[in-house]
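J.: My questions all concern the structure below.
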Amino acid sequence: KQGNIMLIVETGAIVAGANCYISLVDARAKAIELGVTLPTLDVDADAAIINGTQYVDYKQYSGNRVSIDQTLDWPRTKASANGFTIPDTTIPLAVINASVLAAATSATLFVNDNGKQIEENRVEGAVTQRFFENTSANKGEMKVTRADALLKPYLLNGGYFNNLMGVV
């Protein structure tokens, strides 16, 4: 692996250059609590945490970012969940937990095969790639995950917009 990735944790104070909602040490403890596993090597775990954060930030949340300068979607103003207003200096625990859950599966977060699965890859001067039809009932769809379930109360229109966009 090349070089280490530096995690910069957003605390709710609009931390410059923030790229995650939780430190590596805290993410490892949270992963155990949630019953998931992060990569063993710290550099791989750091990358997974950033990917998990990007997945969480891919959603459409209620409210607005607090500042034009913030790099992540949280904290937010005028955000609410389950009938309660979320303070604009708060990163909801569900968002943090969802980022760890997503980090544990970060290798497959942004994969969408559109029903095609590779049957063969061959390199002989030229590359050959052959696909076979995926017969799965939900081919080409992203599945609802524990992370998505945690985030649902925070989503714009309860996640209806995300469903229209093809992201569950």
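The values are calculated or read from the model by the stated rules, or taken from the named source; none is laboratory data. The shown structure was predicted, so the numbers you read here are calculated from the model rather than taken from an experiment. Please note: Cβ atoms are built from the backbone with ideal geometry, for glycine as well, and neighbour counts cover all protein chains shown. Note: accessible area is taken over every heavy atom of the protein model, side chains too, but ligands, DNA and RNA are not part of it. Shrake-Rupley method; radii C 1.70, N 1.55, O 1.52, S 1.80 Å.
J.: Net charge within 10 Å of N97 by Cβ-Cβ distance, Lys/Arg positive one each and Asp/Glu negative one each, not counting N97 itself?
T.: On the way: positive: K30, R146; negative: E33.
Neighbourhood net charge equals +1.
J.: Carbon and sulfur together cover what percent of the accessible area of region 5-107 at a 1.4 Å probe radius? All intermediate terms of the calculation are to be shown ahead of the outcome.
T.: Values: 2800 of 4850 Å².
In region 5-107, the share of accessible area belonging to carbon and sulfur is 58 percent.
J.: Please provide three numbers in whole Å: the alpha-carbon extents of region 25-105 along the principal axes, with the largest listed first.
T.: Here the Cα extents, ordered largest to smallest, are 38, 26, 19 Å.
J.: Could you order peptides 71-77, 16-22, 31-37 by the average number of other Cβ atoms within 10 Å of their residues, highest first?
T.: On the way: 71-77: 20.9, 16-22: 19.1, 31-37: 13.7.
Ranked by mean Cβ neighbours within 10 Å, highest first: 71-77, 16-22, 31-37.
J.: Summing Lys, Arg as +1 and Asp, Glu as -1, what charge do residues with Cβ under 9 Å from the Cβ of D88 carry, D88 excluded?
T.: Values: positive: R76, K78; negative: none.
Neighbour charge sum, excluding D88 itself: +2.
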